[in-house]
Amino acid sequence: MVFIADSLTTIRNAVMARHDYVVLPVNKIVYNILLVFRDNGFIEDIVDVESEDFKKKVKVVLKKTRPINSIRMISKPGRRVFSGYLKFPRFLNGFGLVVVSTSCGVMSAREAVKRKVGGEILCSIY
């Protein structure tokens with residue numbers, strides 16, 4: 001969870017500083033969260049980067065036309081937030097995106113409702 005929070009904070013700082021891209025160390029769950037962001041149009045692209053050490057890093061290309069206004073963790077290490085698919089929160093009346101970790105993988109709350117699976121609410125972005 002701390003790794004997810006660090007990655008989201010790095011993206012938030014890069015957006016506020018108006019950078020074109022940011023390089024992040026990633027694991028499976030952070031990579032899947034980035035895929036959800038890309039599929040929903042919040043970031044431009046994800047490119048694998050060669051690194052000197054053996055850690056996997058990706059270059060996240062940020063969008064200029066639709067900037068990220070807010071990105072925050074909902075489920076934290078001290079307080080996990082779980083929800084059934086009928087009770088997922090609507091974020092900004094559907095303009096925002098809620099990312100959920102389910103038994104079928106990491107996906108947006110809209111997709112989880114379509115598949116009728118609940119899970120842990122990871123973060124929100126708009």
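Filtering the stretch 96-113 to residues that are out of contact with any helix residue (DSSP H, G or I) (no Cβ under 6 Å at 6 or more places or on another chain), closer than 15 Å to SER75 by Cβ and of a type outside the set (A, V, I, L, M) leaves only SER101.
Mind telling me which of the residues VAL61, VAL98 ends up being touching a strand residue (DSSP E or B) at 6+ places or on another chain (Cβ under 9 Å) and under 20 Å from PHE3 (Cβ atoms)? Write out each step before concluding.
Working: VAL61 fails: under 20 Å from PHE3 (Cβ atoms).
Result of the check over VAL61, VAL98: VAL98.
Looking only at residues in the stretch 66-96 that are among the aliphatic types (A, V, I, L, M) and within 17 Å of the chain's Cα centre (by Cα), which one is modelled with the lowest pLDDT? Selected residue: LEU92.
The residues listed here are VAL22, VAL99, VAL30, VAL58; of these, the one that is out of contact with any Lys or Arg (no Cβ under 6 Å at 6 or more places or on another chain), buried (at least 16 other Cβ atoms within 10 Å of the Cβ), at pLDDT 90 or above and over 26 Å from GLU120 (Cα atoms) is VAL22.
The values are calculated or read from the model by the stated rules, or taken from the named source; none is laboratory data. All of these numbers come straight from a predicted model, not from anything done at the bench. Heads up, the Cβs are rebuilt from the backbone with ideal geometry, glycines too, and the neighbour counts pull from every protein chain shown.
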